[in-house]
1. How far, in nm, would the chain grow between His33 and Thr48 when pulled straight, counting 0.36 nm per residue and subtracting the alpha carbon separation?
2. Mind giving me the nanometre distance, one decimal, between the label points for Thr196 and Met149, set 7 Å out from Cα along Cα→Cβ?
3. Quick one: if you stick a label point 7 Å off each Cα along the C-beta vector at Asn174 and Ile60, how many nm between them?
4. Please compute the length gained on full extension between Ala101 and Val26, using 0.36 nm multiplied by the number of residues separating them and subtracting their Cα-Cα distance.
5. Mind ranking 1-9, 65-73 by how tightly packed they are, going by the mean number of other C-beta atoms within 10 angstrom, highest first?
6. Within the chain, what whole-number % of the accessible surface is contributed by carbon and sulfur, with the 1.4 Å probe and all protein chains included in the calculation?
7. To the nearest 20 Debye, how big is the dipole of the chain about its Cα centre, given +1 on the beta carbon of each Lys and Arg and -1 on that of each Asp and Glu?
8. For Lys146, go through the aspartates and glutamates and keep the ones whose alpha-carbon is under 13 Å away, minus same-chain ones fewer than eight residues off.
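The values are calculated or read from the model by the stated rules, or taken from the named source; none is laboratory data. Note that the structure is a prediction, hence the values are computed from the model and not measured. In this analysis, Cβ positions are derived from the backbone assuming ideal geometry, glycine residues included, and neighbour counts consider all displayed protein chains. We work out accessible area using only protein heavy atoms, side chains counted, and drop any ligands, DNA or RNA first. Shrake-Rupley method; radii C 1.70, N 1.55, O 1.52, S 1.80 Å.
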Amino acid sequence: GLQRLAKGTAAQVLAINSGATAPEWVDAAGGSHESITSGSFSGVSDFTISTLGTGIEMHILTVKYRPSANDGNNLRLRFSFGGTVDTGSVYNYVAVAGNSAGSHNVYTGEGQDYIQVTRDGARDTSEMWIEMQFLNLLGTTDGHYKSVMYRCAGVNHDNGNRMQTNSGSGLITNSATTACDGLQFIDSTGGTITGTYKMWGRKY
């Protein structure tokens, strides 16, 4: 006859047993994505994200920020190892930028002391939005560099109605066998920025 299945414990999910004869409660399996960290920053010339999780193959980060003034500032990125930000000439990047007025260009850097993320400056009355995917941040295998792919969108600092967008990628050419323990973002002009960030991790 009919039988009642007692309720499970917190966070359990309903599944069919191994014999495929009845339902049962089981502990939920870990997912392939997890929330790692989030935060905010206000009136700073740089900020660092130092919580990167464990066992993560790809980090997904969103940043929204606005500068203190329409000064043509851009956001720059560096990696930290062993608690120290690497400021050596070891960063490379390639990106394409454009705006709604039809202007566009390719910007590159080789042997720089940062990866340039945004281009042409954000407007102080509107947020610049950035999405980034980091590969191998926690890796320690030789030959696999820490790298990032990114895309940005926002309003130009010089025109309140002009949209700008850009996308690109970059990497650091050393510390391949050392796990990264932080990401530092810097205002290129030394001005201040205010905003929020959110990071997720993807496991394989």
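1. Details: separation 15, 0.36 × 15 = 5.40 nm, distance 2.23 nm.
Full extension from His33 to Thr48 adds 3.2 nm.
2. 2.7
3. Computed distance between label sites Asn174 and Ile60 equals 3.3 nm.
4. The Ala101-Val26 span can extend by a further 21.3 nm.
5. Final packing ranking: 65-73, 1-9.
6. Reported share for carbon and sulfur atoms: 48 percent.
7. For the chain, the charge dipole is close to 540 debye.
8. Glu57, Asp86, Asp181
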